[in-house]
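Input: a single structure, listed below in structure tokens.
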Amino acid sequence: MDHAPRQPVEVAFRPCRDYASSLPDALDRLAGDLGGWPRLVPAGTTVLVKPNLLTDRRPEEAVTTHPALLRAVLQRLLACGARVTVGDSPASAVQLAQVWEKTGVRDVCGELGVPLLSFEQRGGRRIVQGGREFNVAVDALEAQLIVNLPKIKTHGLTTLTAAVKN
């Protein structure tokens with residue numbers, strides 16, 4: 001099965017000074033730059049939202065995707081009529097339930113009625129791409145759209161993580 005992109009990937013950037021006042025507008029402008037929310041997420045689309053939940057750290061520690069960003073994105077996806085889930089597989093040995101709790105993800109998903117997925121629960125599937133093998137979460141392979149919400153931060157090996165490790 002070929003999982004290579006079928007067309008060029010579109011990317012947009014917008015500044016956001018703070019979560020409280022400028023996040024909603026920044027998200028809507030980003031979507032507008034890419035054709036608008038309805039074009040990006042047609043009603044009925046199965047969407048997996050993939051935050052960066054590296055470990056069990058509070059939002060103010062700036063290690064994981066901020067719950068305000070997750071909430072704003074989920075609200076917009078749900079408004080489009082998408083079938084949305086949130087999933088991850090943290091790198092640390094900490095229990096996933098503890099990560100969801102401490103990062104604020106459980107509260108956001110609970111408020112909005114969005115299911116939380118552990119990629120470990122359904123496991124992965126071996127994918128060969130470009131002569132290399134990858135183990136990819138079944139939940140990711142079954143989604144029609146994956147919304148990546150990385151945490152942009154510095155890193156000792158890559159200088160800047162962006163979405164490299166998400």
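The values are calculated or read from the model by the stated rules, or taken from the named source; none is laboratory data. Model, not experiment: these values are computed from the prediction. Every residue, glycine as well, gets a Cβ built from its backbone with ideal geometry; the counts of neighbours run over all protein chains shown.
General observations
- Residues that are surrounded by 13 or more Cβ atoms within 10 Å (Cβ to Cβ) and farther than 26 Å from V11 by Cβ do not occur anywhere in region 34-52.
- Being more than 18 Å from D139 (Cβ to Cβ) and buried (at least 18 other Cβ atoms within 10 Å of the Cβ) holds for only one residue in C109, C80, and it is C80.
- Restricting attention to region 117-147, the residues that are surrounded by 13 or more Cβ atoms within 10 Å (Cβ to Cβ) and under 24 Å from L40 (Cα atoms) add up to 12.
- Verdict on D28 being of a type in the set (D, E) and crowded, with 16+ Cβ neighbours inside 10 Å: no
- When region 76-107 is filtered for residues that are assigned to a helix (DSSP H, G or I) and farther than 20 Å from L40 by Cα, the ones remaining, listed by number, are L96, A97, Q98, V99, W100, E101, K102, T103, V105, R106, D107.
- Residues of region 119-166 classified as in contact (Cβ under 8 Å) with a residue 40 or more places away in the chain and touching a Gly at 6+ places or on another chain (Cβ under 6 Å), total: 3
- When region 53-75 is limited to residues that are of a type in the set (A, V, I, L, M) and either without any contact (Cβ under 8 Å) to a residue 60 or more places away in the chain or assigned to a helix (DSSP H, G or I) (or both), the one that is surrounded by the fewest Cβ atoms within 10 Å (Cβ to Cβ) turns out to be A68.
- Any hit, region 26-44, residues being among the acidic types (D, E) and not in a helix (DSSP H, G or I): no
- Per-region count, region 110-152, residues more than 25 Å from A68 (Cα to Cα), within 16 Å of the chain's Cα centre (by Cα) and modelled with pLDDT under 90: 0
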